[in-house]
Amino acid sequence: MAIPRRHPALPDPGTRCRVALLGFGTVGTAVARILCEQPPAGVELTHIFNRGVSRKRVDWVPAGVRWTEDIGDVLDSPADIVVELMGGIEPAGGWVERALDAGKSVVTANKQLIAHRGASLLSLARERRCHLRFEGSVAGGIPIIAALRDGLAGDRISRVLGILNGTCNYILTSMADGGTAFGTALQQAQELGYAEADPTDDIEGYDARAKLAILCAAALRADVQPEQIATRAITVIEAVDFAHARQLGCTIRQVSHAEWDGQGGLHATVRPTLVYRESALARVAGSQNIVVLRGQYGGETVFSGSGAGGGPTSVAVVSDIAAIARLESERSEAAALRAPTHVRGEFVTPQYLRFVVRDRPGIIARIAGAMEQHGINIDAVLQLPYPTKQALPFVVTTEACPPSVLAEAMRQISELDFHVQPPVDLPMLIGDAA
Ligand SMILES: NC(=O)c1ccc[n+]([C@@H]2O[C@H](COP(=O)([O-])OP(=O)(O)OC[C@H]3O[C@@H](n4cnc5c(N)ncnc54)[C@H](OP(=O)(O)O)[C@@H]3O)[C@@H](O)[C@H]2O)c1
């Protein structure tokens, strides 16, 4: 069916702004609640689309709202803003594209869609003179995209640090505070509704890297695909790592980190990382999120709050709707993105290396020998009292070294015959207050 083209899409100031909702799940329902109970000025909910829509109907939505399971009803309607809250890249992406192509503005909280196709969708929105907003796609209720577009537009952001996945943060803080094992902490997170039945995307770091890719574009103006970001699962972390981290004045967090390398390349990683216990990153407890931005002129700015949940995310979505209805400027989205010459995870930091070995004389000397061969300086060796010599954990910390050099040394060390478990290496983010 042909989709009518309308340029520009937005209603004249003073006229009503019609909103169609795609997806009536956790966030969609919460957005509909706000739009029904206290809509932004001039905004009116007109359509709710969902598959099997009859089972979704609720009595608090006004009778004038059209419930439908036919996407054509929305895309061919005079709706001014389409709010995509279904998730997944397809069919959501194709429908968002069709909405923008028809000159409708779009609001979405879909991190995978924006991380993978945000640049081309923004460019389509510009071409069709409509708006694409996605505040809810990063750090849920924290208005980080708005802060970058408005309050920090005068600065040049040089670094992004974040805790962007509440599930991982909940698991790691439970392990740190209560000595809980990884599996138990994950189960608790699932029981409390913080973790999905299939938590792969969270614990492998795929959720956080999609959000970091969006922040790379919004904060660093870097065009990066999530798959380019070096990512490591938090599953390698054990209770013994928190005990050693405490000895070092640190704790462990899943940290998302990106910065330009000064030569056109970008460093970007999502990894379990040691951070100082007094740092802003360490103080983020439970399922909360944090984003720490470093600006060339303004220094560091910290944003923290609820990173997920229907309530906080729906506020981000409705704020985007309100902004479009106010015809806010798209100035910062219009700025061109720069493709890095390369994307690597080569942050040069001190490293935490945890070994679990069958104890015997000479182990430290062999590790130190391998480190020396690769020019890596050992900073400290830590060993807590442990009941068995058959699987004895201990930790070596190093001075700052490039991860690629460390990887070579660790490859050599891994081949030695005293390991009971593969060694674990974690970067230590202890050079500054973040
Ligand atoms: N939940 C959060 O805390 C949170 C936070 C930030 C961002 N987000 C993002 O917000 C989006 C929505 O998340 P959510 O938690 O609200 O998900 P959800 O509870 O699973 O809701 C998705 C809704 O969309 C419907 N839907 C999915 N695919 C569809 C299709 N192909 N055709 C028609 N209807 C379809 C689902 O219908 P069924 O009921 O039939 O499955 C469901 O009602 C996702 O992109 C998510 O990443 C969520």
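Here, each number is a calculation from the coordinates, and none is a lab measurement. Just so we're clear, the structure is a prediction, and the values are computed from it rather than from any experiment. Virtual Cβ from ideal backbone geometry, glycine too; neighbours counted across all protein chains shown.
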Checklist entry - Applying the Karplus parametrisation 6.51 cos²θ - 1.76 cosθ + 1.60 with θ = phi - 60° to the phi angles of the range 127-137, what ³J(HN,Hα) value in whole Hz is obtained for each residue in order, glycine and proline being reported as x? => result 4, 8, 6, 10, 10, 10, 10, 8, 3, x, 7
Checklist entry - Expressed as cubic angstrom per residue, what is the convex hull volume of the alpha carbon set of the range 82-159? => result 99 Å³
Item to check | Hydrodynamic radius by Kirkwood, which averages 1/r over all alpha carbon pairs of the range 51-119, in angstrom | outcome: 13.1 Å
Checklist entry - What residue among 396, 412, 136 has its Cα farthest toward the positive end of the dipole of the chain, where the charges are +1 on Lys, Arg and -1 on Asp, Glu, each on the Cβ? => result 136
Checklist entry - Near residue 352, within a Cβ-to-Cβ distance under 11 Å, what is the net charge of the other residues, with Lys and Arg +1 and Asp and Glu -1? => result -2
Checklist entry - With the calculation restricted to Cα positions, what are the radius of gyration and Dmax of the chain in angstrom? => result 24.1, 81
Item to check | Value of [θ]222 nm, deg cm²/dmol, for the chain, DSSP H segments ≥ 4, -39500 (n - 2.57) each, nearest 500 | outcome: -9500 deg cm²/dmol
Checklist outcome for this item: Loop-resident chymotrypsin sites (Phe, Trp or Tyr not before Pro) in the range 243-330 with no more than 16 other Cβ atoms inside 10 Å, DSSP not H/G/I/E/B, are 297
Checklist entry - Taking the range 101-221, how much of its Cα-Cα pair set, in percent, is spaced more than 17 angstrom apart? => result 62 percent
Checklist outcome for this item: In a Gaussian network model of the chain with springs linking alpha carbons closer than 10 Å, the residue among 89, 234, 214 that fluctuates most is 89
Checklist outcome for this item: Listed residues 87, 64, 311; largest mean-square fluctuation, Gaussian network over the chain with Cα springs below 10 Å, found at 64
Checklist entry - Relative to the longest principal axis of the chain, what angle (0 to 90°, nearest 10) does the C-alpha long axis of helix 206-220 take? => result 70 degrees
Next on the checklist: Tell me the angle of helix 363-373 to the major Cα principal axis of the chain, expressed in degrees between 0 and 90 and rounded to the nearest ten.
Outcome noted: 70 degrees
Next on the checklist: What's the magnitude of the charge dipole for the chain around its Cα centre, counting Lys and Arg as +1 and Asp and Glu as -1 at the beta-carbon? Answer in Debye, nearest 20.
Outcome noted: 480 debye
Checklist outcome for this item: Net charge near residue 74 (other residues with Cβ under 12 Å of its Cβ; Lys, Arg +1; Asp, Glu -1) is -2
Item to check | For residue 255, distant residues with modelled amide H under 5 Å away | outcome: 271, 273
Item to check | Candidates per GluC sites (Glu not before Pro) in the range 186-285, loop by DSSP, up to 11 other Cβ within 10 Å | outcome: 278
Checklist entry - In the chain, with Lys and Arg counted as +1 and Asp and Glu as -1 at Cβ, which of these residues, 189, 17, 27, has the Cα nearest the positive end of the dipole, that is, farthest along it? => result 17
Checklist outcome for this item: The computed P(r) of the range 388-434 puts the percent of Cα pairs beyond 18 Å at 40 percent
Item to check | Whole-angstrom gap from the range 85-118 to the range 161-231, using each part's C-alpha centre | outcome: 23 Å
Checklist outcome for this item: Computed curve, the range 210-255, Cα-only Debye sum without solvent term, log₁₀ I(q)/I(0) at 0.25, 0.29, 0.32 Å⁻¹, is -0.84, -0.99, -1.14
Checklist outcome for this item: Residue by residue through the range 237-253, the couplings from Karplus 6.51 cos²θ - 1.76 cosθ + 1.60 with θ = phi - 60°, in Hz, x for Gly and Pro, are 7, 10, 3, 4, 5, 5, 4, 5, 4, 4, 4, 8, x, 10, 9, 10, 9
Checklist entry - If you line up the long axis of helix 26-37 against the longest principal axis of the chain, both from Cα atoms, how many degrees apart are they, to the nearest 10? => result 40 degrees
Next on the checklist: Give me 43, 292, 348 sorted ascending by neighbouring Cβ count inside 10 Å, so fewest comes first.
Outcome noted: 348, 43, 292
Checklist entry - Quick one: if you stick a label point 7 Å off each Cα along the C-beta vector at residue 338 and residue 412, how many nm between them? => result 3.7 nm
Next on the checklist: Run the numbers for residue 296 and residue 221: contour at 0.36 nm per residue of separation, minus the present Cα-Cα distance, in nm.
Outcome noted: 25.6 nm
Item to check | Options 384, 292, 343, ranked by Cα towards positive dipole end of the range 256-413, top entry (Cβ charges) | outcome: 384
